[in-house]
Amino acid sequence: MLAGVNGEAGLLGMEETEAIVPAIDACRADGLDVRGPFPADTLFVRAARGEFDAVVACYHDQGLIPIKLLAFGRAVNVTIGLPIVRTSVDHGTAYDIAGRGVADHGSLVEAIALAARLAGGTGRRR
């Protein structure tokens, strides 16, 4: 599912009508079950309840803020559209706690496992 950017029928910008809706239409034409754009303020609640398999956020904070609230330490950031597999943790570098033995490595494990699965490996956790 795709989160909208502007809403308000173009009052705040034309990205939805000029770029997002045509992209959704192209995906549908290819047989993909893609819907949207939806208002981001309710989309992530619906996704957390299991209504969607994935959500595409149009910009960084639109996606990462709700993901961090819903699954901090277990979520994975994935960049699509690159010629390589790119996953990353759901948090920053945490220089303030580096070397103290208190960091949670859960998101790193999830990011590596997902990258392995996307690259064709199993990425199974032990």
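Quick notes on this one:
- When residues of segment 74-121 are limited to those that are over 21 Å from C58 (Cβ atoms) and basic (K, R), the one farthest from the chain's Cα centre (by Cα): R100
- The residues listed here are E51, E18; of these, the one that is out of contact with any Ser or Thr (no Cβ under 8 Å at 6 or more places or on another chain) and part of a helix (DSSP H, G or I) is E18.
- Leading residue by the ranking (most open to solvent (accessible area, probe 1.4 Å)) among those in segment 21-45 that are part of a helix (DSSP H, G or I), within 16 Å of G63 (Cα to Cα) and of a type in the set (A, V, I, L, M, F, W, C): V45
- Scanning segment 27-39 for residues that are of a type outside the set (K, R) and under 20 Å from the mean Cα position of the chain (by Cα) yields C27, L32, D33, V34, G36, P37, F38, P39.
- Subset of segment 89-111 that is modelled with pLDDT under 85 and of a type in the set (G, A, S) - its residue that is surrounded by the most Cβ atoms within 10 Å (Cβ to Cβ): A94
- Scanning segment 112-123 for residues that are surrounded by 11 or more Cβ atoms within 10 Å (Cβ to Cβ) and part of a loop (DSSP other than H, G, I, E, B) gives A119, G123.
- Scanning segment 54-83 for residues that are touching an Asp or Glu at 6+ places or on another chain (Cβ under 8 Å) and outside any loop (DSSP other than H, G, I, E, B) gives L64, I67, K68, A71, V76, N77.
- Segment 46-88: number of residues that are of a type in the set (V, I, T) and either open to solvent by less than 40 Å² (accessible area, probe 1.4 Å) or free of Cβ contacts under 8 Å to residues at least 12 places away in the same chain (or both): 4
The values are calculated or read from the model by the stated rules, or taken from the named source; none is laboratory data. A quick note: this is a predicted structure, and the numbers were derived from the prediction, not measured. Glycine also receives a Cβ, built like all others from the backbone with ideal geometry; neighbour counts cover every protein chain displayed. Side chains are part of the model used for accessible areas, which takes the heavy atoms of the whole protein and leaves out ligands, DNA and RNA. Shrake-Rupley method; radii C 1.70, N 1.55, O 1.52, S 1.80 Å.
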